[in-house]
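The block underneath contains the structure these notes are about, expressed in structure tokens.
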Amino acid sequence: MTEERAVYRTALRGVGIAMTAITVVGIAVAWVLDGPGGAAAGAIGGGVATLAGLATPASMLIAYDRPAAVFGALVAGTWLGKMAMILVVVAVLTRVEGFHRGAFGWTLMAGVIASLAVDLWAVRSGRVPYAIPDSKSPAE
């Protein structure tokens, strides 16, 4: 397994664990504050955060060994897709009467921040070289 693949797999695993914990906590806190409706909103927020959080390392794991243009297109397309998904979910949920927006929003925000933190940790702790030893630069 290459170092890059290991970093992306670590990020996927870490995001999955973090999203599970945040979703469970979000549901529990929302249940206490707003009952079953709040818990449902927390679960939806956690679900959306999970899909958004897993999309980036998954797309990078799929695309890391492809040409740069393909890698960029896959990662950017995934990012655009997850932003569109979040906008559609928010647009639909704003029309639901009695939906607890706070539980949804706070759980979603906690999930997004946690996934960013896990991604950063995985990349910083990975051992991916910046240069390939004994390779020649294009200028030589």
remark   = Within the stretch 83-98, residues being in contact with a helix residue (DSSP H, G or I) (Cβ under 8 Å, 6 or more places away or on another chain) and modelled with pLDDT of 90 or more number 4
inquiry  = Going through 52, 63 one at a time, which residue ends up being crowded, with 18+ Cβ neighbours inside 10 Å and touching a residue at least 24 places away in the same chain (Cβ under 8 Å)?
reply    = 52
Scan of the stretch 6-31 for residues that are loosely packed, with under 14 Cβ neighbours inside 10 Å and either modelled with pLDDT under 95 or closer than 29 Å to residue 71 by Cα (or both), ordered by number = 13, 17, 20
request  = Select, from 116, 120, 80, the only residue that is at pLDDT 95 or above and under 14 Å from the mean Cα position of the chain (by Cα).
outcome  = 80
query = Is it the case that residue 97 is out of contact with any Asp or Glu (no Cβ under 7 Å at 6 or more places or on another chain), charged (D, E, K, R), surrounded by fewer than 17 Cβ atoms within 10 Å (Cβ to Cβ) and more than 21 Å from residue 118 (Cα to Cα)?
reply = yes
request  = Go through the stretch 30-76 and give me each residue that's of a type in the set (Val, Ile, Thr) and either touching a helix residue (DSSP H, G or I) at 6+ places or on another chain (Cβ under 7 Å) or not in a helix (DSSP H, G or I) (or both).
outcome  = 44, 48, 50, 56, 62, 70, 75
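State which residue is modelled with the lowest pLDDT when the search covers only the stretch 123-140 and only residues that are within 18 Å of residue 13 (Cβ to Cβ) and of a type in the set (A, V, I, L, M). Walk me through how you get there before you give the answer.
Residues of the stretch 123-140 within 18 Å of residue 13 (Cβ to Cβ): 123-128.
Still in the list and also of a type in the set (A, V, I, L, M): 123, 128.
Values: 123: 85, 128: 69.
The qualifying residue modelled with the lowest pLDDT is 128.
In the set 39, 73, 69, which member is surrounded by fewer than 17 Cβ atoms within 10 Å (Cβ to Cβ), farther than 22 Å from residue 11 by Cα and over 14 Å from the mean Cα position of the chain (by Cα)?
69
The values are calculated or read from the model by the stated rules, or taken from the named source; none is laboratory data. Computed from a predicted model, the values in this text were never measured in an experiment. For neighbour counting, all protein chains shown are included, and Cβ atoms are generated from backbone atoms with ideal geometry for every residue, glycine included.
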